[in-house]
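To start, the structure itself, in structure tokens.
The values are calculated or read from the model by the stated rules, or taken from the named source; none is laboratory data. Predicted model, so just to flag it, every value in this text is computed and none were measured. Cβ coordinates were reconstructed from backbone atoms using ideal geometry, including for glycine residues, and neighbour counts include every protein chain displayed.
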Ligand SMILES: [Zn+2]
């Protein structure tokens, strides 16, 4: 739970942790905001309904929660499955022949995330894949259609 909040850039308050815990307990069935509020009361976490709504909205905006229409036709919330740990590699794939190479990409990733943050974006880059023409395919094109 702590890691979830930190990944989303949120301070792990009692209320936020409580909301995440009841939503996690609900599992894949999900839980409505009102029900989450009641579950928190039962667990002894005393917060206002508006706090629960605010936190749920916040977590949803940051992509920690998924929401959809449940069986009883009200909105339910579920935890988004943990995203795979970002790979520190960048894959380079030829778009024509699928030849590929894997290179260290940590620096490139940092650079991208830094640039995105400067533009006010919060990137969550899972995979870096560059599409290229490999030398073989480039050579083939040059041979058959010279410019
Ligand atoms: Zn190729």
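Worth pointing out:
- Looking across the range 94-110 at every residue that is touching a helix residue (DSSP H, G or I) at 6+ places or on another chain (Cβ under 8 Å) and surrounded by 13 or more Cβ atoms within 10 Å (Cβ to Cβ), the one that is farthest from residue 127 (Cα to Cα) is identified as 96.
- Breaking point among (1) surrounded by fewer than 13 Cβ atoms within 10 Å (Cβ to Cβ); (2) closer than 30 Å to residue 109 by Cα; (3) touching a helix residue (DSSP H, G or I) at 6+ places or on another chain (Cβ under 9 Å), for residue 61: (3)
- Cβ pairs under 6 Å, 6+ apart, first in the range 93-115 and within 14 Å of residue 134 (Cα to Cα), second assigned to a loop (DSSP other than H, G, I, E, B) and within 16 Å of the ligand (Cβ to nearest atom): 94/134; 99/134
- Residue in the range 122-147 that is farthest from the ligand (Cβ to nearest atom), counting only those that are under 28 Å from residue 7 (Cβ atoms) and at pLDDT 80 or above: 128
One line per residue, one yes/no per condition, for (1) surrounded by 13 or more Cβ atoms within 10 Å (Cβ to Cβ); (2) in contact with a strand residue (DSSP E or B) (Cβ under 9 Å, 6 or more places away or on another chain); (3) at pLDDT 85 or above; (4) part of a loop (DSSP other than H, G, I, E, B):
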{"site": "16", "(1), (2), (3), (4)": "yes, no, yes, no"}
{"site": "22", "(1), (2), (3), (4)": "yes, yes, yes, no"}
{"site": "46", "(1), (2), (3), (4)": "no, no, yes, yes"}
{"site": "66", "(1), (2), (3), (4)": "yes, yes, yes, no"}
{"site": "73", "(1), (2), (3), (4)": "no, no, no, yes"}
{"site": "113", "(1), (2), (3), (4)": "yes, no, no, no"}
